[in-house]
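Colleague: My questions all concern the structure below.
Computed from the coordinates by the stated procedures, all read-outs in this text should not be read as laboratory data. From a predicted model like this one, the values you see are computed outputs, not experimental measurements. Here the Cβ positions follow ideal geometry from the backbone for every residue, glycine too, while neighbour counts run over all protein chains shown.
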Amino acid sequence: MSNPQDSRVGVIRIEGTNCEDESAQAFSSLGCDVEKVHLKQLVGEVEPSNCRNLSDYDALYFPGGFSSGDYVRAGAIFASRMKSGLKSQIDDFISSGKPVLGICNGFQILVELGALPGSDSGTTKVPNAVLHTNDSNRFEARHVNLKVNSSNKSFFLDNYETNQVLAIPNAHAEGKLILDKDMLNEIENNNQVAFRYCNSEGSLDSGYPWNPNGAPNDIAGITNSRGNVLGMMPHPERVFHGWQHTDWTSSGKKPDGPGDGRALFEGVVEFLCK
């Protein structure tokens, strides 16, 4: 197994992105070499010495936020700019099996890119899903409970217990995954669902507010069929440490121990080190 320091993670940002610092810190605290890279560096809109290529990185991370103000649709402008200049690089990166992770706005970007639910060659020509406005028609921000779908065998979930129930912060206005019935059946049959919203006991179909956006089948996160691209709406980087859980004093969680989001990042790093 190689050293995590040999693994280079690119956290991609543009105007309106946030959470990139927490996301980069999560990977760097596990020993990875992390760079916060602006999209302009990837598409060659800076001086040559500051340009980057997707192939410079072993894993890509799309953080949360409100990229380009979420105009048109959440994540649509970011995705369009990537497709126009980087589509072949993105497809090569995904088809090589390297990890790609998108959180909240990052999930929206991956869907708009066509990287999720995705295709065998990487991205689809046009999106075949969308993250739509929450059923409540408002911004939903609170801790939610997620049930790990252990039928999904992606390395992202390797460090979670079977069907483990997590408490993860949620903050979005457009988080309802919408896709046609055939595509929904396909991702279910392929075990591409990674996380589902549930109540604190792990029961599904509990309705609002346990499911904060009305997503079908309580879907909170999915992977592509290969399992190397993951998008999810809640923010695991915000509970990397035990003390970041708002209820750690009453739940018995150790403040100096791991938070519920840490295992997700550990799964990526261990995959990179194999």
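Colleague: Counting other Cβ atoms within 10 Å, which GluC sites (Glu not before Pro) in region 119-193 have at most 14 and lie in a DSSP loop? Before the final figure, lay out each step's value.
Modeller: Values: sites: 140, 161, 174, 186, 188; in loops: 161, 174.
Those that pass, being in a loop and sparsely packed, are 161.
Colleague: Could you order peptides 201-208, 121-128 by the average number of other Cβ atoms within 10 Å of their residues, highest first? Please report the intermediate quantities before stating the final value.
Modeller: Working: 201-208: 12.9, 121-128: 15.9.
Output ranking for 201-208, 121-128: 121-128, 201-208.
Colleague: Would you list 272, 177 from fewest to most Cβ contacts within 10 Å?
Modeller: The order, fewest Cβ neighbours first, is 272, 177.
Colleague: While we're looking at this one, here's another question. Once you sort the root eigenvalues of the Cα gyration tensor of region 2-42 as a ≥ b ≥ c, which label holds: rounded (a/c under 1.5), prolate (a/b larger than b/c) or oblate (the other case)?
Modeller: oblate
Colleague: For region 233-274 and region 147-190, compute the distance between their C-alpha centroids and round to whole Å.
Modeller: 17 Å
Colleague: Here is a further query. Based on the inverse mean of 1/r over its pairs of different Cα atoms, what is the Kirkwood hydrodynamic radius of region 157-224, in Å?
Modeller: Across region 157-224, the inverse of the average 1/r is 12.8 Å.
Colleague: Using Cα pairs under 8 angstrom and six or more residues apart, how large is the relative contact order of region 4-273, in percent?
Modeller: Computed over region 4-273, the figure is 18 percent.
Colleague: Step through the residues of region 222-239 one at a time and calculate ³J(HN,Hα) from phi using the Karplus curve (6.51 cos²θ - 1.76 cosθ + 1.60, θ = phi - 60°), rounding each to whole Hz and writing x for Gly and Pro.
Modeller: Result, rounded to whole Hz: 9, 10, 6, 5, 7, x, 9, 10, 10, x, 8, 7, x, 10, x, 5, 8, 10.
Colleague: Can you give the calculated 222 nm mean residue ellipticity of the chain, where each DSSP H run of n ≥ 4 adds -39,500 (n - 2.57) and the sum is split over every residue, rounded to the nearest 500 deg cm²/dmol? Write out the running numbers ahead of the final one.
Modeller: Values: 7 runs with 68 residues, N = 274.
When only DSSP H runs of four or more count, the value is -7000 deg cm²/dmol.
Colleague: For residue 177, what residues show an amide H to amide H distance below 5 Å, using hydrogens built from the backbone and excluding near sequence neighbours?
Modeller: Residues meeting the criterion, in which the H sits 1.01 Å from N, are 132, 215.
Colleague: Convert each backbone phi in region 124-133 into a coupling constant with the Karplus relation 6.51 cos²θ - 1.76 cosθ + 1.60 (shift: θ = phi - 60°), then list the ³J(HN,Hα) values in order as whole Hz, x for Gly and Pro.
Modeller: Whole-Hz 3J(HN,Hα) from phi for region 124-133: 8, 5, 10, x, 10, 7, 8, 9, 9, 4.
Colleague: Are there chymotrypsin sites (Phe, Trp or Tyr not before Pro) in region 60-162 that DSSP marks as loop and that have at most 11 other Cβ atoms within 10 Å, and which are they? Spell out each step's value before the answer.
Modeller: Values: sites: 61, 66, 71, 78, 93, 107, 139, 155, 156, 160; in loops: 66, 71, 139, 160.
Loop-located and lightly packed - 71.
Colleague: Would you kindly derive the ³J(HN,Hα) couplings of region 165-176 from the backbone phi angles with the Karplus curve 6.51 cos²θ - 1.76 cosθ + 1.60 (θ = phi - 60°), listing them in order in whole Hz, with x for Gly and Pro?
Modeller: Residue by residue, region 165-176 yields 9, 10, 10, 10, x, 10, 7, 7, 10, 10, x, 7 Hz.
Colleague: Next question. How would you order 244-253, 231-240 from highest to lowest mean count of nearby Cβ atoms within 10 Å?
Modeller: 231-240, 244-253
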